[in-house]
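To keep things clear, I will list the structure first and then write my remarks on it.
The values are calculated or read from the model by the stated rules, or taken from the named source; none is laboratory data. Keep in mind the model is a prediction, meaning the values are calculated, not measured. Cβ placement follows ideal geometry from the backbone for every residue including glycine, while neighbour counts extend to all protein chains displayed. Please note that ligands, DNA and RNA were not included when accessible areas were found on the heavy atoms of the full protein model with its side chains. Shrake-Rupley method; radii C 1.70, N 1.55, O 1.52, S 1.80 Å.
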Amino acid sequence: MIEDSTVHEQQARDSLVRLGASFFQRGYATGSAGNLSLQLADGSILATPTGSCLGELQPERLSRVSWLGEWLSGDKPSKEVSFHLALYHNNPECKAVVHLHSTYLTALSCLQDLDPHNAIKPFTPYLVMRVGKLPVVPYYRPGDKRLGEDLARLAPHHTAFLLANHGSVVIGKDLRAAADNTEELEETAKLIFTLGNRKIRYLTDEEVAELRS
């Protein structure tokens, strides 16, 4: 049983490293921006360390913290692991978190007058099916405890969040789901800037309801 647990954790570490490298190589992450985490079988959280580059992660140096945020092993965790924990604590379906400063979503997060309840009015079916609504969390300094408080409030009802002037946060039932939904969201934001001032045919309320059903 102990051996199985060890194998499972090593696979989780390897998956986190591979995903970080993939995001970095494809331009979704730059420098030491962004962080990833996933929940292990024992309830503890495996996360990218503070100041780490997603393209240069090492399995044995990943941070492991307890369910309550105690630093257990590996390098020092990012200060943003606190808002990851807020998501795990408030949505039982959350098993992984992807937080990136990807170009188009970060650009979107810097725009004024976004609908705080849903930053992207649906115009593709995939956004509705994979992500649903994208609420906007007000700007807070990175590491501010209010960021975790706001995400905790929204977590039971949403799987993706736009942090004003900061970037995106996406949760998933596993790391692959969180990554896929992050990429879908980034591509949708890219479409917004590609379309520019052209008239967009948004999905009707009836079409959205059909997709959600």
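Structural remarks
- Only one entry of L46, L19, L68, L38 meets the criterion of being buried (at least 19 other Cβ atoms within 10 Å of the Cβ) and outside any strand (DSSP E or B), and that entry is L19.
- Qualifying residue in the range 89-99 (condition: modelled with pLDDT of 95 or more and in a helix (DSSP H, G or I)): yes
- Residues satisfying the criterion are absent from the range 84-104 (criterion: in contact with a strand residue (DSSP E or B) (Cβ under 6 Å, 6 or more places away or on another chain) and polar (S, T, N, Q)).
- Residue that is farthest from Y28 (Cα to Cα) [pool: residues in the range 167-184 that are open to solvent by 20 Å² or more (accessible area, probe 1.4 Å) and outside any helix (DSSP H, G or I)]: K173
- Cβ-Cβ distances below 7 Å connect the following pairs, each with a first residue in the range 107-126 that is charged (D, E, K, R) and at pLDDT 95 or above, a second residue that is open to solvent by 50 Å² or more (accessible area, probe 1.4 Å) and assigned to a loop (DSSP other than H, G, I, E, B), and a separation of six or more residues or different chains: K121/Y202.
- Residue check for L163: modelled with pLDDT of 95 or more, touching a Pro at 6+ places or on another chain (Cβ under 7 Å) and under 23 Å from Q39 (Cα atoms): no
- L203 meets each of the listed conditions (1) open to solvent by less than 40 Å² (accessible area, probe 1.4 Å); (2) not charged (D, E, K, R); (3) not in a loop (DSSP other than H, G, I, E, B) apart from (3).
- Of all residues making up the range 153-166, the number that are open to solvent by less than 40 Å² (accessible area, probe 1.4 Å), part of a loop (DSSP other than H, G, I, E, B) and more than 28 Å from E9 (Cα to Cα): 2
- Answer residue from the range 129-152, given it is touching a residue at least 60 places away in the same chain (Cβ under 8 Å) and not small (G, A, S) and is most open to solvent (accessible area, probe 1.4 Å) among those: K145
Here's the yes/no breakdown for (1) more than 25 Å from L185 (Cβ to Cβ); (2) at pLDDT 95 or above; (3) of a type in the set (V, I, T):
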{"site": "H8", "(1), (2), (3)": "yes, no, no"}
{"site": "L19", "(1), (2), (3)": "no, yes, no"}
{"site": "S22", "(1), (2), (3)": "no, yes, no"}
{"site": "G27", "(1), (2), (3)": "no, yes, no"}
{"site": "T30", "(1), (2), (3)": "no, no, yes"}
{"site": "N35", "(1), (2), (3)": "no, yes, no"}
{"site": "I45", "(1), (2), (3)": "no, yes, yes"}
{"site": "C53", "(1), (2), (3)": "no, yes, no"}
